[in-house]
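Laboratory data are not the source of any read-out in this text; all were calculated from the coordinates shown. In this text, all values refer to a predicted model and were calculated from it rather than measured experimentally. Here the Cβ is made from the backbone with ideal geometry for all residues, glycine too, and neighbour counts use every protein chain on show.
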Amino acid sequence: MRCAEVRETIPAFAGEGEPSLATRRHIAKCPGCRGELETYRTMLASLQSLESRPVDAPVGLAAKLIAIPREASRVDHVRSHVSRNRAAYAGGAAATVAVVGAAGALLWRNRERSSGSRRATKGWLATA
Amino acid sequence: MEATHREVYSLCLRILRDPDDAAEATQDAYLKAWRALGAFRGDAMFTTWMYRVAANSAISKQRKRKRKREHEVGTDDDVMSQLPSTASTEALAGARIELEAVESALQLLPEHYRAALVLRDVYGMSMDEVAKQLKITETAAKVRVHRGRKKLKELVTMEQDE
């Protein structure tokens, strides 16, 4: 087995699993590949130890987290209120749309009527 | 909450790199956890369960961020293009690896490798769990972890060389 083939598999078995017998034999007699395996194992051990080294959280984050249940309760309360009264809210919204639509239609009709009468007056004046 | 928030924030920061994003992901994780407390069966440690919820929040945030800042994708490639060739790092095999060097090299890894490595090698999640969190197949998760370790080793040895 060649060093390049062995080194390609080292990242996998350095963390989990077992190398093949041929790989184990190669590593036993190759100081370069043994060193490479050792490097990976040390690196993985360092990675594992990071879990027990938490970084400092920003100031104020803990206070925000403590407020979460209160804030979430408020949001949940509003949500459940809306979902319980969904029909009433939908009816209200539909009525609002209808009123606004009717008002718009009335306005449009009045505008059309007044511009029509202006056109008629202009036409009469022109013929006279 | 007081007992675990530093660990949860650290996990989010190690995945996201940005302190503001990590703080947001932490808040999101605790909100989800608070709402899903009923689903916590108690057969696993609370911290382990919390790590899963936090990883989920951080990875969702990472995905949203990626979609939002597509133009920044090149940043990771720039970092990788600065790496020395494998041949030159091989000479450093067996070098002592400093914890700080590993921590800072982890921050230089491209996002997809970093998330896989943080979940698998820092927080000890199973490949199956890593795959679920990243929404990829178990084989793809293994490939990411494998390549991530190789890139990390290159970065670590490069840093120690400087």
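Taking the C-alpha atoms only, the angle from helix A:86-127 to the longest principal axis of chain A is near 50 degrees. Using θ = phi - 60° in the Karplus curve 6.51 cos²θ - 1.76 cosθ + 1.60, the 3J(HN,Hα) couplings for region A:46-57 round to 5, 4, 4, 6, 5, 4, 8, 10, x, 8, 6, 6 Hz; x is entered for Gly and Pro. Of A:Val99, B:Val118, A:Val59, the sequence from fewest to most neighbouring Cβ atoms within 10 angstrom is A:Val59, A:Val99, B:Val118.
How many percent of the alpha carbon pairs in the protein assembly as shown exceed a separation of 33 Å? Value for the protein assembly as shown: 44 percent of Cα pairs lie more than 33 Å apart. Arranged from fewest to most other beta-carbon atoms within 10 Å of their beta carbon, B:Arg52, B:Arg65, B:Arg149 become B:Arg65, B:Arg52, B:Arg149. A straight chain from B:Ile136 to B:Glu100 at 0.36 nm per residue would run longer than the Cα-Cα distance by 9.9 nm.
Could you tell me the calculated FRET efficiency between B:Thr48 and A:Arg113, based on Cβ-Cβ distance and R0 = 51 angstrom, to the nearest 0.05? That pair, B:Thr48 with A:Arg113, gives E of 0.10. Here the residues A:Met1, B:Met50, B:Met127, ranked from fewest to most Cβ neighbours within 10 Å of their Cβ, fall in the order A:Met1, B:Met127, B:Met50.
Taking 4.7 Å between beta carbons as the limit, the unpaired Cys residues of chain A are A:Cys3. Gyration tensor over the Cα atoms of region A:1-103: the corresponding equivalent ellipsoid has semi-axes (square roots of 5 times the eigenvalues, largest first) of 65, 22, 12 Å. In this structure, the residue pairs whose Cα-Cα separation is over 25 Å, taken from B:Lys32/B:Lys153; B:Lys64/B:Lys153; B:Lys68/B:Lys153; B:Lys61/B:Lys135; A:Lys64/B:Lys135, are B:Lys32/B:Lys153; B:Lys64/B:Lys153; B:Lys68/B:Lys153; A:Lys64/B:Lys135.
Using a simple spin-label model with pseudo-atoms 7 Å out from Cα toward Cβ, A:Ala94 and A:Arg25 lie 8.2 nm apart.
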